[in-house]
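Report on the following structure.
The values are calculated or read from the model by the stated rules, or taken from the named source; none is laboratory data. The shown structure was predicted, so the numbers you read here are calculated from the model rather than taken from an experiment. Don't worry about glycine lacking a Cβ; one is built from the backbone with ideal geometry, like all the others, and counts go over all protein chains shown. Only protein heavy atoms, including side chains, enter the accessible area calculation; ligands, DNA and RNA are left aside. Shrake-Rupley method; radii C 1.70, N 1.55, O 1.52, S 1.80 Å.
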Amino acid sequence: MATENGTMMREISLQDIEGLRIGHTQNHQAKTGVTVLAFPRGARAGVDISGGGPASRETPVLSPLTADVPVHAIVLSGGSAYGLAAADGVMACLEERGIGYNTGFALVPIVCQSCIYDLGYGSSTIRPDKAMGYQACLHALEQNQHPQGNYGAGTGATTGKLAGMNRASKAGVGIYGVEVAGLQMAAIVVVNALGDIFSATTGEKLAGLTTPNREGWTDIREALYTFTQSTDLFTRNNTTISAIVTNGDFSKAQLTKLAAMATTAYAHCINPVGTLADGDTVYAASVGTHPADLNMAGTLAAQVLAEAIQRAVVTARISDEEFLGNIGNPLPPSSCT
């Protein structure tokens, strides 16, 4: 397609982006998985965390105030905080292949990670671990394939859980990339939000809170407004995590801003968003040296991410029978005081 000034924008595969490798692994029975974005040559990266409940690893190294060391992988996974164990496998896989930061005595792969809460769908006792992280990284380095929907970190992703899992919708992982005048921009997103999901272009609701009989939609904001002093357990089981990858030549500080600009896509597509019940996170990584304006790139990143969010829910749709059959059994309230 062409922009108003005639500049051509074309869709690209993530395989077209040099310096990026992506792979999934998943347990379809347990409904959880791992997605790895590997950067064999290293990448500059920044992050924006707008949600109130992130489960993450090594995100402080992405601050512009820290040393400018390369990042070798970004891991997106299920398993809540348990899933952070997957990064150990990613590090092992990278180290075996000579990928990492040379400290003088050892290669140390720099691996950042964010997790979604998927313990209420499928099994709550089987979570991404070191072995699963290793396998996902191996798939990234050797296969570089990236199906969408119910794969990788999107395997157990759901949305609209405010009134319980029986009224939620299936979501997953979405991927979209474009090139404009030589600038490549791609988004990988795992949608596991508290809010309803909408098309950024048409405004159509695509997923989220259903009616009690699951035959229509309920506006999740109206349901949320009925809460006063207490909230349901399911409001704490959400997050949308994503990564923007570009060949644009940006510093860590600029990539941090680019990630912040990309969060506009969350506001366009998810409502409500960025709540204390979400761990919303956007990474931004650069694997190239193509000159580009940051304002243009950030605007493009938001557009690309919005399309990826839509794809994440459209490609993950399953029948109500299958969805309801995989809902887990919640624990009784904690007795801790």
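Leaving out ligands and nucleic acids, note down the accessible area per residue over the chain with a 1.4 angstrom probe, in whole Å².
Working: 14090 Å² over 337 residues.
Per-residue value: 42 Å².
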Under a 1.4 angstrom probe, counting protein chains only, how are Asp278, Asp88 ranked by accessible area, largest first? Asp88, Asp278
Take every DSSP beta bridge with both residues inside the chain and express the antiparallel ones as a percent of the total, to the nearest 5. 80
Let me check I've understood the local charge: for Val173, count other residues with C-beta under 15 angstrom from its C-beta, Lys and Arg +1, Asp and Glu -1. What total comes out? +2
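Excluding Arg10 itself, what net charge comes from residues whose Cβ is under 13 Å from its Cβ, given Lys and Arg +1 and Asp and Glu -1?
Working: positive: none; negative: Glu11, Asp16, Glu179.
Taking every Cβ under 13 Å from that of Arg10, the sum is -3.
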Nearest-ten-degree value, helix 130-142 long axis tilted from longest Cα axis of the chain: 50
Between Ile327 and residues 5 or more places away or on another chain, the pairs with built amide H atoms under 5 Å apart involve Gly122
Whole-Hz Karplus ³J(HN,Hα) for segment 122-129, in order, using 6.51 cos²θ - 1.76 cosθ + 1.60 and θ = phi - 60°, x for Gly and Pro? x, 8, 8, 9, 9, 10, x, 10
For the chain, the longest site-free run once chymotrypsin sites (Phe, Trp or Tyr not before Pro) in DSSP loop states with at most 10 other Cβ atoms within 10 Å are removed: 106-224
Just list whichever of Lys31/Lys252; Lys31/Lys130; Lys170/Lys205; Lys31/Lys161 have alpha carbons separated by over 25 Å in the model shown. Lys31/Lys252
Under 5 Å between amide hydrogens, which residues at least 5 positions from Asn192 or on another chain qualify, with H placed 1.01 Å from N in the peptide plane? Thr239, Thr240, Ile241
If you plug each phi of segment 163-176 into the Karplus form 6.51 cos²θ - 1.76 cosθ + 1.60 with θ = phi - 60°, what whole-Hz ³J(HN,Hα) values come out, in order, with x for Gly and Pro? 9, x, 5, 5, 10, 8, 10, 6, 9, x, 9, x, 9, 7
For the chain, give the magnitude of the charge dipole about the Cα centre (Cβ charges: +1 Lys/Arg, -1 Asp/Glu; no others), in debye to the nearest 20. 400
What's the Kirkwood radius of the chain in Å, using all Cα pairs? 19.6
Relative to the compact globular guide of 2.2 N^0.38 Å, what is the alpha carbon radius of gyration of segment 239-305, as a ratio? 1.10
So if each residue of separation counts as 0.36 nm, and I subtract the Cα-Cα distance between Ala92 and Thr125, what length gain in nm does that give? 9.5 nm
Ignoring ligands, DNA and RNA, what percent of the 1.4 Å accessible area of the chain is carbon and sulfur? 51
Pull up all non-local amide H partners of Ile12: gap of 5 or more, or a different chain, and H-to-H distance under 5 Å with H placed in the peptide plane. Gly177, Val178, Glu179
Solvent-accessible area of Ile327 with every protein chain in place, 1.4 Å probe, in Å² to the nearest 10: 40
For segment 241-257, what does the Karplus curve 6.51 cos²θ - 1.76 cosθ + 1.60, with θ = phi - 60°, yield as ³J(HN,Hα) per residue in whole Hz, taken in order and with x for Gly and Pro? 10, 8, 9, 9, 10, 9, 8, x, 8, 10, 7, 4, 5, 5, 5, 5, 5
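Under a 1.4 angstrom probe, counting protein chains only, how are Thr201, Thr66 ranked by accessible area, largest first? Please list the in-between numbers first.
Working: Thr201 125, Thr66 55 Å².
My answer, sorted largest first, is Thr201, Thr66.
Defining a contact as two alpha carbons under 8 Å apart and six or more residues distant in sequence, what relative contact order in percent does segment 101-197 show? Write down the numbers at each step before the final one.
Working: 121 pairs, mean separation 21.6, N = 97.
Computed value for segment 101-197: 22 percent relative contact order.
Run through segment 205-314 and list the GluC sites (Glu not before Pro) located in a DSSP loop whose Cβ has at most 13 other Cβ atoms within 10 Å.
Values: sites: Glu215, Glu222, Glu307; in loops: Glu215.
Within segment 205-314, the qualifying GluC sites (Glu not before Pro) (loop, at most 13 other Cβ atoms within 10 Å) are Glu215.
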Hey, if we sort Asp68, Asp280 by accessible area with the 1.4 Å probe, largest down, what's the order? Asp68, Asp280
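Defining a contact as two alpha carbons under 8 Å apart and six or more residues distant in sequence, what relative contact order in percent does segment 183-227 show?
Details: 31 pairs, mean separation 10.6, N = 45.
Computed value for segment 183-227: 24 percent relative contact order.
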